[in-house]
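The values are calculated or read from the model by the stated rules, or taken from the named source; none is laboratory data. Just so it is clear, the model here is predicted, and its values are computed rather than measured. Glycine gets a Cβ as well: all are built from the backbone with ideal geometry, and neighbour counts include every protein chain shown. Heavy atoms of the whole protein, side chains included, go into the accessibility calculation; ligands, DNA and RNA do not. Shrake-Rupley method; radii C 1.70, N 1.55, O 1.52, S 1.80 Å.
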Amino acid sequence: WETQYSLALGLYETAASAHFSCPGRDQDLLMQRIESIFAHAKDFSDKFSAHCIWVKILSLTDLSRATEESLNALERLGEPLNLANVGYREACNELRRCKEQYQGVRTKDFSSTRRLGDVNKARAMKIMSSLLVYFHQSKYFEGVYVSCKMLRITMDGHCGESVMGLAAFAAALVNCLEGESMS
């Protein structure tokens, strides 16, 4: 770590990813790799990949903590989400605002947007796509709010997670605003 920082970081990230992906993985060894990255990484940017794996592990046993850590990461990335008071009414209002703001935008408009160049926004989109999964079952309206945020970021540039955000937004329009005019 001291003399070959980039190499050590890359090797430990690859080892952590490989251990996480293996069925019947050695949980202790995986956590050792992640903890080593956390201990030696110079900043959050260098910890990001390991942080994502760690949060996925958390989500298997403690969804509320995984959610909390995801929200903390969004704050570090400069994309904070305050979901404390988000319920049905707030989610529907945010959906309406997005629907009005982007009314008339078509699929070709999304595909013609440039690639998302801001690394922190792309990382935030990755975290938000995980939050959509976490919220799908129990906190649906918070997920609706997250999908609106993802739509706004996508309008500035797209990334791989844009598809998930757009799909969640479209589903929310149907599920939450079904009775309203969808033109």
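For the reader, a short list of remarks on this structure follows.
- Folded to 0 to 90 degrees: helix 27-40 orientation relative to the chain principal axis, Cα: 90 degrees
- Counting only protein heavy atoms and a 1.4 Å probe, the chain has 56 square angstrom of accessible area per residue.
- Distance-filtered residues of segment 1-21 - backbone nitrogen under 12 Å, label point 7 angstrom along LYS42 Cα→Cβ: 2-7, 9
- Shape call, the chain: gyration tensor on alpha carbons, a/c limit 1.5: prolate
- Percent RCO, i.e. relative contact order, over the chain, from Cα pairs under 8 Å lying at least 6 residues apart: 18 percent
- ARG106 contributes about 150 Å² of solvent-accessible surface, heavy atoms of the protein only, 1.4 Å probe.
- Linear extension gain, GLU2 paired with VAL174, 0.36 nm per residue minus alpha-carbon span: 56.6 nm
- Taking amide H as placed 1.01 Å from N in the peptide plane, the amide H of CYS159 sits under 5 Å from that of LEU116, each at least 5 places away or on another chain.
- Stokes-Einstein diffusion for segment 1-83, with the hydrodynamic radius set to the Kirkwood value over Cα pairs and evaluated at 4 °C in a medium of 1.567 mPa s, equals 96 µm²/s.
- A Förster distance of 30 Å, applied to the separation of the beta-carbon atoms of GLU68 and ASP156, puts the FRET efficiency at 0.65.
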